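Only one structure is covered here, and it is reproduced in the block below.
The values are calculated or read from the model by the stated rules, or taken from the named source; none is laboratory data. Just so you know, these numbers come straight off a predicted model, no measurement behind them. Don't worry about glycine lacking a Cβ; one is built from the backbone with ideal geometry, like all the others, and counts go over all protein chains shown. To get the accessible areas, we keep the full protein, side chains included, count just its heavy atoms, and leave off ligands, DNA and RNA. Shrake-Rupley method; radii C 1.70, N 1.55, O 1.52, S 1.80 Å.
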Amino acid sequence: MRERRGNALEAAEVPQSLATSYARAFGDEGRAWIAGLPALATEILDRWELRRDGDPGSGEASLVLPVLRKDGTRAVLKLQMPREEVMAALIGLRTWNGQGMVRLLDHDPASAGMLLERLDAARALTSVEDDDVAMGILAELQSQLVRVPAPPGLRGLGSIAREMLEQVPQTALALADPADRRLLLDWASAVAELVDEPGDRMLHWDLHYDNVLAAQREPWLAIDPEPLAGDPGFDLWPALNSRWDDLVAKGDTLRVVRRRFDLLTSVLDLDRARATGWTLGRLLQNAIWDVEDGQSALDPSAVAISQALLTRVTSAERDASGTRGTGPTGTRGA
């Protein structure tokens, strides 16, 4: 640990990657928040009687300080600029109350600062090499999380889906390849069939292997939720996309995606046709964001996941023809 003065956070300790991320995302407002971060951190450390217990870490949006509480309990102080997503995270953390999720110990309403139980940041679920084992752990955690009805105050999937559908024509025009445009319209059609039944569970929205850490009170716990109210099928894509570069390097990505999808839908007890539709909706959302960022082609991983799920549905419908019909709400286990 670098030498520092007492318990204070010094400006030089703020990771440059965090400062760059805030400047890129929020401009002058982000730079001003970063400039005030040392004083904010020091004030909360003193007010909550926390003692620093390691070097700061960060993601794209937050500073994380390992700390000790007055009674010696290990915790982390998480600081990020107050935004709608941060307020939603606070609602989610309070509602889950440690069930499958890192526990919220305290929070500062004015700054949106959070005191969280400390997990093992050096041991994420990516450390589990067997993909079936890792996906099984994630699925069990996700099953705990989506059992909880969404409380008031969270954004709903229904409004998000309708906004996506309104953006489809403009997004399609920005795609250079006609095949990409056709695929995007297929995803939009799937969402249009489901938009009137958006669901009411509390979703994590970003549950992948790096957002599951080893813990003491449970073997594994989820972190960094971005909660919304909706259908659990909309929450599967981050898991399906986990360790994507490794899947591509090893080959047979379609088979692995289908196996992951089957495991997730089985553990969460989801209708697979409906979960397929909402997963395509998540691909649609990502494509809209990519186009807004200047992209003119669909992400290859999205195309592969779509192919894995759509060819699976087509095969199931063909097998079921003449016995169960092929409507959009097909049976589980397809």
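Key figures
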| quantity | calculated |
| --- | --- |
| Hydrodynamic radius of the stretch 93-141 per Kirkwood, over alpha carbon pairs, in Å | 12.8 |
| 5 Å binning of all Cα-Cα separations within the stretch 198-301, expressed as whole percents from 0 upward | 2, 11, 18, 23, 22, 15, 6, 2, 0, 0 |
| Share of carbon and sulfur in the accessible heavy-atom surface of the chain [1.4 Å probe, %] | 50 |
| Three-way shape call for the stretch 200-255 based on the alpha-carbon gyration tensor, with the a/c threshold at 1.5 | oblate |
| For the stretch 47-139, accessible area per residue (1.4 Å probe, heavy atoms of protein chains only), Å² | 45 |
| Angle in degrees between helix 157-174 and the longest Cα principal axis of the chain, rounded to the nearest 10 | 70 |
| For the stretch 151-200, accessible area per residue (1.4 Å probe, heavy atoms of protein chains only), Å² | 55 |
| Normalised alpha carbon radius of gyration of the stretch 78-118 [divisor 2.2 N^0.38 Å] | 1.06 |
| Projected-area average for the chain over all orientations - Cα convex hull basis, square nanometres | 18.2 |
| Rounded if a/c under 1.5, otherwise prolate or oblate - the stretch 52-157, Cα gyration tensor axes | oblate |
| Expected 222 nm ellipticity per residue - DSSP helices of 4 or more, -39500 (n - 2.57), all of the chain, to 500 | -16500 deg cm²/dmol |
| Around L93: net Lys/Arg minus Asp/Glu count, Cβ-Cβ under 12 Å | -1 |
| Estimated distance in nm for a label pair at R47 and D177, the labels positioned 7 Å out from Cα along Cα-to-Cβ | 5.1 |
| Rounded tilt (10° steps) of 131-146 against the dominant C-alpha axis of the chain | 80 |
